[in-house]
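Asker: Structure incoming, see below.
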Amino acid sequence: MTKRVAVFISGGGSNMVKLLDSMTGDHPARACVVLSNNPRAGGLALAEDRGVPTEIVRHQPFDGDRTAFEHAILGALAPHAPDLICLAGFMRKLTADFVDLWRGRMLNIHPSLLPKYKGLHTHERVLAAGDTEHGCTVHEVTPRLDDGPILGQARVPVLPQDTAASLAARVLRQEHLLYPQVLRRFAGGDHTPLYLKT
Ligand code: GAR
C-alpha cells in the first residue's frame, strides 16, 4: 500500500521539494502534507505550488512547552493521516514522547557524516577541525539528537579554499540526491543503509 508522507520544514525547503518531486510513478509513497513551525518558511509556497496541503504550527505561542506544541502538531497532522514523517530542515527539537510515537516511521537529514558533528554549525566545525571530508546523513529519528540507525550517507571533499557557505552548498547538492533515494527504499521496506558514491 502506498505510504503517506508528512514533510516537516522550517525554512527554504529545498530538500522537501526534492522529496515531493520524487514521489511519483511507481514510488511507494506520496506526500500528504508539509508542516512548518515557521509561517515565513519559503518551502510552504513551493509545496502549495505542487498541490500538497500545508499546515503551520507556530512554536512561539507555546512558550517552551514542547509537549503542548507537539500536541498541536499531532492535531494538524491527523486529518492527513501520515504513515511516515520526513524531517527536512525542521529546526525544533522533538520530545522523547513524540519520537517514540513515531519510532521507526520518522526520518531526518543532517548535514554531517554522523556520528560526527551532531547539532548545529556542522560546516564551520568541519573547517575548524581541518577535516578533508564531509557529507550528509539520513537516519531514523530516536530520542537522542541526530542519533538513530543510519539509512544513508553521501560524502564530499573539503577543498583548501572552502568557506562554510561553499561547503554547505556542496553538501546540500548531495542531500538532494540522497534523501529521495533513501525515502524510496525506506517506504518500500528496505532499511539497509545506502552509501552514495561521489
Ligand atoms: C539542510 O542542510 C539540512 O540538512 C539541515 O538544514 C538544511 C535545510 O535546508 N538540517 C539540519 O541542520 C537539521 N539538524 P532546506 O530547507 O533547503 O532543505
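The values are calculated or read from the model by the stated rules, or taken from the named source; none is laboratory data. As the structure is a prediction and not an experimental result, all values here were calculated from the model. Backbone-built Cβ (ideal geometry, glycine too); neighbour counts: all protein chains shown. These area figures cover heavy atoms from the full protein model, side chains too; ligands, DNA and RNA do not enter into them. Shrake-Rupley method; radii C 1.70, N 1.55, O 1.52, S 1.80 Å.
Asker: Name every residue in region 9-22 that is in a helix (DSSP H, G or I) and near the ligand (Cβ under 10 Å from one of its atoms), in order of residue number.
Answerer: Result: Ser14, Asn15, Met16, Val17, Lys18, Leu19.
Asker: If I go through region 147-198 residue by residue, how many of them are closer than 16 Å to Ile109 by Cα, more than 12 Å from the ligand (Cβ to nearest atom) and among the aliphatic types (A, V, I, L, M)?
Answerer: Final tally of qualifying residues: 9.
Asker: Taking the conditions exactly as written (within 11 Å of the ligand (Cβ to nearest atom) and either over 21 Å from Phe8 (Cα atoms) or crowded, with 21+ Cβ neighbours inside 10 Å (or both)), does Val141 satisfy them or not?
Answerer: yes
Asker: Looking for something under 13 Å from Leu113 (Cα atoms), polar (S, T, N, Q), at pLDDT 95 or above and open to solvent by 20 Å² or more (accessible area, probe 1.4 Å) - is there at least one such residue anywhere in region 180-188?
Answerer: Scanning region 180-188, I find no residue that is under 13 Å from Leu113 (Cα atoms), polar (S, T, N, Q), at pLDDT 95 or above and open to solvent by 20 Å² or more (accessible area, probe 1.4 Å), so the answer is no.
Asker: While we're here: Given the residues Gly25, Gly75, which is the only one that is more than 14 Å from the ligand (Cβ to nearest atom) and either within 15 Å of Pro180 (Cβ to Cβ) or modelled with pLDDT under 95 (or both)?
Answerer: None of the others qualify; the one that does is Gly25.
Asker: To continue, here is another question. When residues of region 50-61 are filtered for being surrounded by 12 or more Cβ atoms within 10 Å (Cβ to Cβ) and either without any contact (Cβ under 8 Å) to a residue 12 or more places away in the chain or under 19 Å from Arg184 (Cβ atoms) (or both), how many remain?
Answerer: So the count comes out to 2.
Asker: Being surrounded by fewer than 14 Cβ atoms within 10 Å (Cβ to Cβ) and away from the ligand (no atom under 16 Å from the Cβ) is the filter here, so list the residues in region 105-136 that pass it.
Answerer: Ala128, Ala129, Gly130, Thr132, Glu133
Asker: Go through Ala31, Ala47, Ala41, Ala6 for me and flag whichever is crowded, with 21+ Cβ neighbours inside 10 Å, in a helix (DSSP H, G or I) and within 16 Å of the ligand (Cβ to nearest atom).
Answerer: Ala47
Asker: Tell me, yes or no, whether region 63-70 has at least one residue that is away from the ligand (no atom under 16 Å from the Cβ), β-branched (Val, Ile, Thr) and touching a residue at least 24 places away in the same chain (Cβ under 8 Å).
Answerer: The answer is yes, given that some residue of region 63-70 is away from the ligand (no atom under 16 Å from the Cβ), β-branched (Val, Ile, Thr) and touching a residue at least 24 places away in the same chain (Cβ under 8 Å).
Asker: Restricted to region 62-77, and to residues that are crowded, with 19+ Cβ neighbours inside 10 Å and not aliphatic (A, V, I, L, M), which residue is farthest from Pro39 (Cα to Cα)?
Answerer: Ranking the qualifying residues of region 62-77, first place goes to Glu70.
Asker: So, in region 78-94, of the ones that are outside any loop (DSSP other than H, G, I, E, B), more than 10 Å from the ligand (Cβ to nearest atom) and of a type in the set (A, V, I, L, M, F, W, C), which residue ends up most open to solvent (accessible area, probe 1.4 Å)?
Answerer: Applying the filter and picking the extreme gives Ala78.
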